[in-house]
Amino acid sequence: MITFEGVTKRYPDGTVALDGLDLRAPSGRTTVLVGSSGSGKTTALRAVNRLVEPTGGRVLIDGTDVRERDPALLRRSIGYVIQQAGLFPHRTVLDNIATVPLLLGWGRRRARSRAAELLELVGLEAAQGRRYPHQLSGGQQQRVGVARALAADPPVLLMDEPFSAVDPVVRAGLQDELLRLQSELHKTVLFVTHDIDEAVRLGDGIAVFRPGGVLAQYDTPERLLAEPVDTFVEGFVGYDRGVRRLSFFPASRLELHTDAVLDGGRTAGAAARTAAATGEPWLLVTGAGRAPLGWLSAGRAAAADPERPLESLELEGYGHIFHVEADSLRAALDAAVLSPAGRAVGVDPGGAVLGVVSQADLAAAIWSVGEDTVGEDTVGGDTVGGQDHG
Amino acid sequence: MGEVIRWDWIARGLEDPIGTAVLQHLQLSLVPIALGLLAALPLGVAAARWRRVYPPLLTVVNVLYAVPSIALFFLLLPYTGLTMWTAVLPLALYTLAILVPNIVDGLHQVPGHVRQAATAMGFGPLRRLVLVELPVAVPAVIAGLRVASVATISMVSVASMVGLGGLGALILREGFNNRFATPIIVGVVLTAVLAFAVDGLLVLAQRLLTPWVPRPARGRERKGVR
């Protein structure tokens, strides 16, 4: 556990970067520090590995004041990832990753083989280990940065806006990768970002900082979105926090309909009769293994030759789908909004259609979310972690 | 007008005076460059670390550079006599004006995030300097060495004015004093050849020392050659 006790950083010119921070980041969890620039989140992070020396208060790692330890030795026991990756341009990828093991005196061979392991762990190919950092893309460099931070297997990982400099698609991939790694490694992660979406996605606990280095709220992501403590936090988490909060409710609670799902081998005549019987304006046509093929409107089903099989008709693309077991209500809502039929297709892990859900059905599910009471767990103490947001 | 180049003179004098002059010239230029680099490294590191040191240091090395070499040679003559040090010491001082700013620039060009990452990985200040900052500054240092070596090789010729050897002596004693063109041409051509050769070696050294520097234009060529 990382404990901040009244940590203050006041610069000689009078600027206060951090003002009496009290925070407990539990072991094995990801705690996200979020806020605009100048809110002290990075200062707090750097106080942990003594890149910043606080002018008041203290920082403890598992009960030991970090100031009792030699800075260089302390830092070798803490992984650190920064925005531009900070890779050493003159060393190969493999030697970059082996940096801390070499500093710890592991010997070249052992350090290299550990580095090769990590290269694989972060999803890079072995051949990329012989390259130099400038030969990699921004996203790959960040992966190397994460591998380097993990090389000596430190219990604590500090990440300072590590994914801010890459494009959104790459960023989402890196976030997924971090979630996967964290589910295997259970590091005590402190993660700084200015992006509330990233915070909600990655954090077990989120600490929102306000300008002037003051902690505004420290809560689970779900509670933060449901009950911001004041207008500052509410403004910071954004106007669409209600929609974002849907991420915390599973899509499996949706009621799926199967009466408008037809196999591609059925005829247009059968489809027209089904549409008439159910009153559904759109029918979902499936192929082999109940994989979705596309949407057919009731009007087109009635106009087509009644003997023609559905799979030979021109269908509307089914667009986004959602995984009933794995996805959230937010993903289902997204799929419905983007679907040409205004309906979302729910599939099982094998990609077979389990049913469809209309926007009206979604509205009912969202309505019931609003009536849910928010979990009472808090972060930062022993009571943390009632829910798994992974 | 007779023959400008007397090949027979060159053939006779290949070993002496030409060969000796080339070796002397090399010695008189490489020793100052090496000494200059040895002195410039700590000065550059200090100037990059304590920024207040840099402006006065830069002024001193620039003023030194402005002093005519011939004046420095004569100033030293009473103390060092007709030894190589009379030429070596001033020439080494001159290289500082080129090498110190290059080392400082090279160290300043180490990206802040690289320096910060090194500190955060647990490098102490000395290790960080030796293992990260200086290696990253190598291209700038070699760029400085290239300029300094060409400048020194050309300036060594002046050293012959005070009776030191080198290709300058060939030009002055054999050529100018005897009103004989061949040694002058040989001296000038060989000075240029030496400058080219040393520069080429430094470029080669840079390629070997810094395989990590992006060289987009050369990538294709290399693949084709190998």
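Listed values, structure above:
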| item | result |
| --- | --- |
| Unmet criterion (only one of (1) small (Gly, Ala, Ser); (2) crowded, with 21+ Cβ neighbours inside 10 Å; (3) touching a strand residue (DSSP E or B) at 6+ places or on another chain (Cβ under 8 Å)) for A:Ala98 | (3) |
| Check on A:Thr220, of a type in the set (S, T, N, Q) and under 25 Å from A:Pro26 (Cα atoms) | yes |
| Boolean, B:Val136 is within 13 Å of chain A (Cβ to nearest Cβ) and buried (at least 22 other Cβ atoms within 10 Å of the Cβ) | yes |
| Selection within region A:301-333 - in a helix (DSSP H, G or I) and either in contact with a strand residue (DSSP E or B) (Cβ under 9 Å, 6 or more places away or on another chain) or within 17 Å of A:Glu255 (Cβ to Cβ) (or both) | A:Ala301, A:Leu310, A:Glu311, A:Leu329, A:Ala331, A:Ala332, A:Leu333 |
| The listed residue being closer than 20 Å to A:Thr42 by Cβ and not in a helix (DSSP H, G or I), out of A:Val189, A:Val200, A:Val233, A:Val229 | A:Val189 |
| Residue within region B:47-55 that is of a type in the set (Ser, Thr, Tyr) and either touching a Leu at 6+ places or on another chain (Cβ under 6 Å) or loosely packed, with under 13 Cβ neighbours inside 10 Å (or both) present | no |
| Residue among B:Ala34, B:Ala92 that is out of contact with any Pro (no Cβ under 8 Å at 6 or more places or on another chain) and closer than 30 Å to B:Val130 by Cβ | B:Ala34 |
| Any hit, region B:92-106, residues being assigned to a helix (DSSP H, G or I), within 14 Å of chain A (Cβ to nearest Cβ) and over 19 Å from A:Pro71 (Cα atoms) | yes |
| Residue list for region A:125-135, filter: away from every other protein chain (no Cβ under 14 Å) and either surrounded by fewer than 16 Cβ atoms within 10 Å (Cβ to Cβ) or under 25 Å from A:Val192 (Cβ atoms) (or both) | A:Glu125, A:Ala126, A:Ala127 |
| Single condition B:Ala117 does not satisfy, out of (1) within 14 Å of chain A (Cβ to nearest Cβ); (2) out of contact with any strand residue (DSSP E or B) (no Cβ under 8 Å at 6 or more places or on another chain); (3) of a type outside the set (Lys, Arg) | (2) |
| Lone qualifier among B:Val141, B:Val156, B:Val147, B:Val162 - being within 14 Å of chain A (Cβ to nearest Cβ) and either within 27 Å of the chain's Cα centre (by Cα) or surrounded by 23 or more Cβ atoms within 10 Å (Cβ to Cβ) (or both) | B:Val141 |
| Verdict on A:Val81 being within 14 Å of chain B (Cβ to nearest Cβ), surrounded by 22 or more Cβ atoms within 10 Å (Cβ to Cβ) and part of a strand (DSSP E or B) | yes |
| Some residue of region B:132-154 being in contact with a helix residue (DSSP H, G or I) (Cβ under 8 Å, 6 or more places away or on another chain), modelled with pLDDT under 90 and either of a type in the set (A, V, I, L, M) or more than 20 Å from B:Ile5 (Cα to Cα) (or both) | yes |
| Selection status of B:Leu77, surrounded by 18 or more Cβ atoms within 10 Å (Cβ to Cβ), of a type in the set (A, V, I, L, M, F, W, C) and either touching a residue at least 40 places away in the same chain (Cβ under 8 Å) or within 14 Å of another protein chain (Cβ to nearest Cβ) (or both) | no |
| Failed condition for A:Leu45, given (1) at the interface with chain B (Cβ under 10 Å from one of its Cβ atoms); (2) surrounded by 15 or more Cβ atoms within 10 Å (Cβ to Cβ); (3) in a helix (DSSP H, G or I) | (1) |
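Conditions tested, residue by residue: (1) more than 10 Å from chain B (Cβ to nearest Cβ); (2) part of a loop (DSSP other than H, G, I, E, B); (3) surrounded by 14 or more Cβ atoms within 10 Å (Cβ to Cβ).
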{"position": "A:Ser36", "(1), (2), (3)": "yes, yes, no"}
{"position": "A:Val52", "(1), (2), (3)": "yes, yes, yes"}
{"position": "A:Gly57", "(1), (2), (3)": "yes, no, yes"}
{"position": "A:Ala72", "(1), (2), (3)": "no, no, yes"}
{"position": "A:Leu87", "(1), (2), (3)": "no, yes, yes"}
{"position": "A:Arg109", "(1), (2), (3)": "yes, no, no"}
{"position": "A:Arg114", "(1), (2), (3)": "yes, no, yes"}
{"position": "A:Gly123", "(1), (2), (3)": "yes, yes, yes"}
{"position": "A:Gly145", "(1), (2), (3)": "no, no, yes"}
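The values are calculated or read from the model by the stated rules, or taken from the named source; none is laboratory data. These numbers come from a predicted model, not from an experiment. Note: ideal-geometry Cβ built from the backbone for every residue, glycine included; neighbour counts use all protein chains shown.
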